[in-house]
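Notes for the one structure printed next.
Laboratory data are not the source of any read-out in this text; all were calculated from the coordinates shown. These figures come from a predicted structure and were not determined experimentally. Quick reminder, even Gly has a Cβ in these numbers, built from the backbone with ideal geometry, and neighbours come from all protein chains shown.
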Amino acid sequence: MARRAKIWKVRDDYRPLLKRIKKLFPTVLGHIKTKRVLLIGFENPSSGFIAQIRRNSFPWAMALPDYDYVITFWSTRFDHKPKSYKLYVMLHELLHIPEGGFDRKNKHTYRKLKKHNVEDFSELINAYGIHLHRVKDIFQGEKALLIVSKKKTDHGEKIR
């Protein structure tokens, strides 16, 4: 049986999601330069991820010098998800970009990525639920994260 090839394309129609999530999270994503993030989608019957961020490194950086990062989306599934879920995915991927990720002068952070770390992403899990049952709260922006943080301090837990 022949295997169906992936169909790749630039997805500028995802850019409004990128801009919207940055507006909803101005403090958390203040360092993100939306014009320097390339958005790509692919169609395929299966994938190991719905979205994945990569740094734009050699040799692709030579062909695409205007971009520091590339977010790849499994469009086959992503396109049919609710807007709240799409915003959550975009937020999650952008959180991998460290402060200084767009700073060419900073060789320690330029075009680098943060790895998945339970502590780094625990705020998202606390705010939206492990199974994303509260993902619609993403429209509250940073307010939803602050509510979770306040609940933690009210119960005597430390916030890092």
Within the stretch 44-61, does at least one residue satisfy the condition of being β-branched (Val, Ile, Thr) and closer than 22 Å to ALA5 by Cα? yes
Among (1) in contact with a helix residue (DSSP H, G or I) (Cβ under 8 Å, 6 or more places away or on another chain); (2) farther than 19 Å from LEU17 by Cα, the one test that ARG104 misses: (1)
Taking LEU29, is it touching a Leu at 6+ places or on another chain (Cβ under 6 Å) and either farther than 22 Å from ARG111 by Cβ or not in a helix (DSSP H, G or I) (or both)? yes
All positions within the stretch 56-114 that are farther than 27 Å from GLU142 by Cα and aliphatic (A, V, I, L, M): ALA61, MET62, ALA63, LEU64
